[in-house]
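Undergrad: I'd like to ask some things about the structure below.
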Amino acid sequence: MKNTHPFKNLQLVKLVNKNNTELVILNFGATIFSLKINGINVIVGPEKPETYLSDIYHTRGKFFGASVGRYAGRISKGGFEVEGVKYAIFEKDGVHIHGGECGFSYKFWKVGEMSETEDPYVILEYVSPHLEEGYPGELRVQVKYTLTEADEVKIEYTAKTDKKTIVNLTNHTYFNLNGGGDVDDHKLQIRAEKYLETDAQKLPTGSLLNIAGTELDFRKAAAIGEVPLDTVFSLTTDQKQVVLVGDQSGISMEITTNQPAVVVYVPEDLPGDWKYSTETGAERAAICLETQKFPDAPHQPDFPSAILEPGQIYINSTLWKFKTGS
């Protein structure tokens, strides 16, 4: 797809708290560009903001730090049905992923309300017209990023629709809490008893499998190691649903969310077409922790519903709490 995004529209918003923790947001894709804790950038992504506007980012991109929608994750069968009406959506090899050919990650969001005082924040907004990427209803979306004085990043997605539709938003940030190298020696803990069984296309079969006794058992903190991870974990309602600790930096991150699942993804490698903002390892350089609803919920009646009705407000609220170990 040819690049039609003018560089002049690209905006960066920097939030800084009293600890000099620095969070930088791009308006393109409502993207988390960088996050510096104790001077260490714990976010893995392209070095230059302009890279996000390039053709190659769209074709080879990994949704670095982006806000993903209308539907994060996979949908099968090339569409879905709402109130007896079938809606066709973009698919490749039978799979629709992360909102389609040009989802929310590739849109300019409007920078709205901002505050640079205590607990600085910024609100970004996007209006998705009826039938954009095949989805019904005009969807009005906001994301509020807040950097608290306690080194927490609060992410709250809200959405309203004028027509019954499906919604599943998430943030697709890649983390390396050491600020470089790989994540194999990071410690990971996930409060989940089950994970989603998937087929060869990574589409859910509808079954939830027990984690106990598998290599996916991170109920107690353990090194990530070489475990292949592109997995949907069904979360419990406990606090601190996910904990990640950098083995070298000592920086830890605790995640709490109102969402039923976290998709844990460790790419075996990253595109080599651009420079990165950190010294990434050749393999397994980052981990992505996407809090969201279950993939393919429109075709799985036993999964938590992804339906949004007019008059309702969709809310995905997720908190990242960082500690430095000092």
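Undergrad: Do you know which residues across segment 79-94 are open to solvent by less than 80 Å² (accessible area, probe 1.4 Å), within 19 Å of Gln201 (Cα to Cα) and either among the aromatic types (Phe, Trp, Tyr) or not in a strand (DSSP E or B) (or both)?
TA: Hits for segment 79-94 are Phe80, Ile89, Gly94.
Undergrad: Shifting gears a bit: Show the residue pairs meeting these rules: Cβ distance below 6 Å; 6+ apart or different chains; first residue within segment 296-311 and farther than 19 Å from Thr231 by Cβ and modelled with pLDDT under 95; second residue in a loop (DSSP other than H, G, I, E, B) and of a type outside the set (Phe, Trp, Tyr).
TA: none
Undergrad: Same structure again: Does Ala261 fit the bill of being without any contact (Cβ under 8 Å) to a residue 40 or more places away in the chain and surrounded by 13 or more Cβ atoms within 10 Å (Cβ to Cβ)?
TA: Criteria not met by Ala261.
Undergrad: Filter the strands (runs of 3 or more DSSP E) completely within segment 161-264 down to those with at least 1 residues that are farther than 24 Å from Gln300 by Cβ. Break it down stepwise before answering.
TA: Working: elements: 187-190, 192-198, 204-210, 230-235, 242-245, 252-257.
Strands (runs of 3 or more DSSP E) meeting the threshold: 187-190, 242-245, 252-257.
Undergrad: Take segment 79-109 and flag every residue that is over 19 Å from the mean Cα position of the chain (by Cα) and not aliphatic (A, V, I, L, M).
TA: Within segment 79-109, Gly79, Phe80, Glu81, Glu83, Gly84, Lys86, Tyr87, Phe90, Glu91, Lys92, Asp93, Gly94 meet the criteria.
Undergrad: Out of Tyr135, Tyr174, Tyr145, report the one residue that is surrounded by 17 or more Cβ atoms within 10 Å (Cβ to Cβ) and more than 20 Å from Thr291 (Cα to Cα). Don't jump to the end; show me each part of the working.
TA: Numbers: Tyr174 fails: more than 20 Å from Thr291 (Cα to Cα); Tyr145 fails: more than 20 Å from Thr291 (Cα to Cα).
Within the list Tyr135, Tyr174, Tyr145, the selection yields Tyr135.
Undergrad: I need the full set of residues from segment 35-58 which are aliphatic (A, V, I, L, M) and either closer than 18 Å to Tyr145 by Cα or at pLDDT 95 or above (or both), in order please.
TA: Within segment 35-58, Leu35, Ile37, Ile40, Val42, Ile43, Val44 qualify.
Undergrad: A further question on this structure: Just need a number here: residues in segment 290-326 that are surrounded by 14 or more Cβ atoms within 10 Å (Cβ to Cβ), closer than 19 Å to Lys144 by Cβ and of a type outside the set (D, E, K, R).
TA: Total satisfying the criteria: 10.
Undergrad: Right, here's the next one. Does segment 14-28 hold any residues that are free of Cβ contacts under 8 Å to residues at least 40 places away in the same chain and surrounded by fewer than 16 Cβ atoms within 10 Å (Cβ to Cβ), and which are they?
TA: Those that are free of Cβ contacts under 8 Å to residues at least 40 places away in the same chain and surrounded by fewer than 16 Cβ atoms within 10 Å (Cβ to Cβ): Lys14, Asn20.
Undergrad: Collect the residues in segment 220-240 that are hydroxyl-bearing (Ser, Thr, Tyr), without any contact (Cβ under 8 Å) to a residue 40 or more places away in the chain and closer than 17 Å to Leu209 by Cα, keeping them in residue-number order.
TA: Within segment 220-240, Thr231 is the sole residue that qualifies.
Undergrad: Okay, next question. Quick check on segment 59-73. Is at least one of its residues modelled with pLDDT under 95, more than 22 Å from Val141 (Cα to Cα), surrounded by fewer than 18 Cβ atoms within 10 Å (Cβ to Cβ) and not aromatic (Phe, Trp, Tyr)?
TA: Yes, that holds for at least one residue.
Undergrad: Same structure again: Give me the residue from segment 233-258 that is open to solvent by 20 Å² or more (accessible area, probe 1.4 Å) and of a type in the set (A, V, I, L, M, F, W, C) and, out of that set, farthest from the chain's Cα centre (by Cα).
TA: Checked segment 233-258; the qualifying residue farthest from the chain's Cα centre (by Cα) is Val245.
The values are calculated or read from the model by the stated rules, or taken from the named source; none is laboratory data. Just so we're clear, the structure is a prediction, and the values are computed from it rather than from any experiment. Neighbour counts are summed over all protein chains in view; Cβ atoms, including those assigned to glycine, are modelled from backbone coordinates with ideal geometry. Remember, those area values only see protein heavy atoms, side chains included, never the ligands or the DNA or RNA. Shrake-Rupley method; radii C 1.70, N 1.55, O 1.52, S 1.80 Å.
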